[in-house]
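Trainee: This structure is in structure tokens; I'll ask about it shortly.
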Amino acid sequence: MTKDVVTFTEKTSIIDAIKTLTRRGISGAPVVDDDGRIVGVVTDYDITNLLKTETDELKKEDRLGGRLRTWDEVTRGGLDFLGFLSLDYLWQRREMRSMDEIFKLFKESEALKKATVKQVMTSKVVTMHPDEPFRKALELMSRHDINRIPIVDDENHVVGIVARSDMLKAIATQLGGGKAK
Amino acid sequence: MKKASEMMVPREKVVTLKPDDDIREAVRRLASNGVSGAPVLQGDRVVGIVSESDVTGFFEAARKKTKGTATTSIEKAAESKVSSIMTKQVVSVGPDATLGRVAHLMTDRKVNRIVVTDSHNSLLGIIARADVIKAGLEELQ
């Protein structure tokens, strides 16, 4: 397990969360309160699905065909970065604004400035205790279809994290001691 | 706006597998290269893709089935072929696909990696979710 755990708070801005995840090369992180107790998890999938749903709704209502009124109307105060990048593709097909204009709106968006981890995170977190066996992590990841398990102590403080890539390395180590290739 | 060819990890750096490789080799290659997925090639052509989720899910299923000691089930499972766990429906784009299109495909098809291929389905490179987000952030700054 990794002990130097990247965490966010509910108030972390979405943009800061994206930058941190990108810089550290990870796809998600636990969200903690001021005492370091776990309150949720945020992943790039949470960040990603939001606006895709929003733009699908707008397409159904045929609102993407008209002039874009405000960024807030599109994002409804939420933010999805990958989905945002996909807007260019969706909108160019309807001959709407260029990506430069969209980025300008994005930079000036009040919704973006306000969007926080709290809006997209999952509060139901699957966790493990440090004394539980490593293979339990694999079982939990498979059962819940998740990629990371925060390790918490008796008071729910985050003390570590196990990711799917850690499981792969553990299997590799176990197999490595076997037949030589 | 960036194109697929500018965002991808180029062919020579892509970790790949063959359909007849055993899973032991898949694990070794994914873990030692620190990648979360690998295209499966027959010659130059992409015939499938294997992710670390496919691999860990497979081992978990094997462990549950055999109920033997964890060691024996893992060793036995490792002998299976990559072709038996790979996803055959691979999401791909051409080298001129835009950042927007790649982002849309990843969101729409719920995949974490997309292969870049030419008109003969030969592998040109691979784009992972993190590569798209990074490219998007660079465009934004």
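The values are calculated or read from the model by the stated rules, or taken from the named source; none is laboratory data. What you see is a predicted model; the values in this text were computed from it and never measured. Heads up, the Cβs are rebuilt from the backbone with ideal geometry, glycines too, and the neighbour counts pull from every protein chain shown. Please note that ligands, DNA and RNA were not included when accessible areas were found on the heavy atoms of the full protein model with its side chains. Shrake-Rupley method; radii C 1.70, N 1.55, O 1.52, S 1.80 Å.
Trainee: I'd like to know if region B:87-100 contains one or more residues that are within 23 Å of A:R143 (Cα to Cα), touching an Asp or Glu at 6+ places or on another chain (Cβ under 8 Å) and in contact (Cβ under 8 Å) with a residue 12 or more places away in the chain.
Mentor: So far as region B:87-100 goes, yes, one or more of its residues are within 23 Å of A:R143 (Cα to Cα), touching an Asp or Glu at 6+ places or on another chain (Cβ under 8 Å) and in contact (Cβ under 8 Å) with a residue 12 or more places away in the chain.
Trainee: Within region B:122-141, which residues are at the interface with another protein chain (Cβ under 8 Å from one of its Cβ atoms) and crowded, with 21+ Cβ neighbours inside 10 Å?
Mentor: B:R129, B:V132, B:I133, B:G136
Trainee: To continue, here is another question. Within the group B:S36, B:S32, B:S5, which residue is within 26 Å of A:D145 (Cα to Cα), buried (at least 16 other Cβ atoms within 10 Å of the Cβ) and among the polar types (S, T, N, Q)?
Mentor: Answer to the check: B:S36.
Trainee: Another one. I'd like the residue in region B:39-73 that is among the hydrophobic types (A, V, I, L, M, F, W, C) and not in a helix (DSSP H, G or I) and, out of all such residues, is surrounded by the fewest Cβ atoms within 10 Å (Cβ to Cβ).
Mentor: Within region B:39-73, the match that is surrounded by the fewest Cβ atoms within 10 Å (Cβ to Cβ) is B:V47.
Trainee: Would you be able to say whether some residue in region B:74-82 is part of a helix (DSSP H, G or I), within 8 Å of chain A (Cβ to nearest Cβ) and farther than 20 Å from A:M167 by Cα?
Mentor: No - not one qualifying residue is present in region B:74-82.
Condition check ((1) at pLDDT 90 or above; (2) open to solvent by less than 30 Å² (accessible area, probe 1.4 Å); (3) assigned to a helix (DSSP H, G or I)) across all residues:
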| position | (1), (2), (3) |
| --- | --- |
| A:Q119 | no, no, yes |
| A:V126 | yes, no, no |
| A:P130 | yes, no, no |
| A:S142 | no, no, yes |
| A:E155 | yes, no, no |
| A:V162 | yes, yes, no |
| A:L168 | no, yes, yes |
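Trainee: Let me ask something else about it. Does B:V47 satisfy being among the aliphatic types (A, V, I, L, M) and within 12 Å of another protein chain (Cβ to nearest Cβ)?
Mentor: Spelling it out, it is not the case that B:V47 is among the aliphatic types (A, V, I, L, M) and within 12 Å of another protein chain (Cβ to nearest Cβ).
Trainee: Consider region B:92-121. How many of its residues are touching a helix residue (DSSP H, G or I) at 6+ places or on another chain (Cβ under 9 Å), open to solvent by less than 20 Å² (accessible area, probe 1.4 Å) and outside any helix (DSSP H, G or I)?
Mentor: 4
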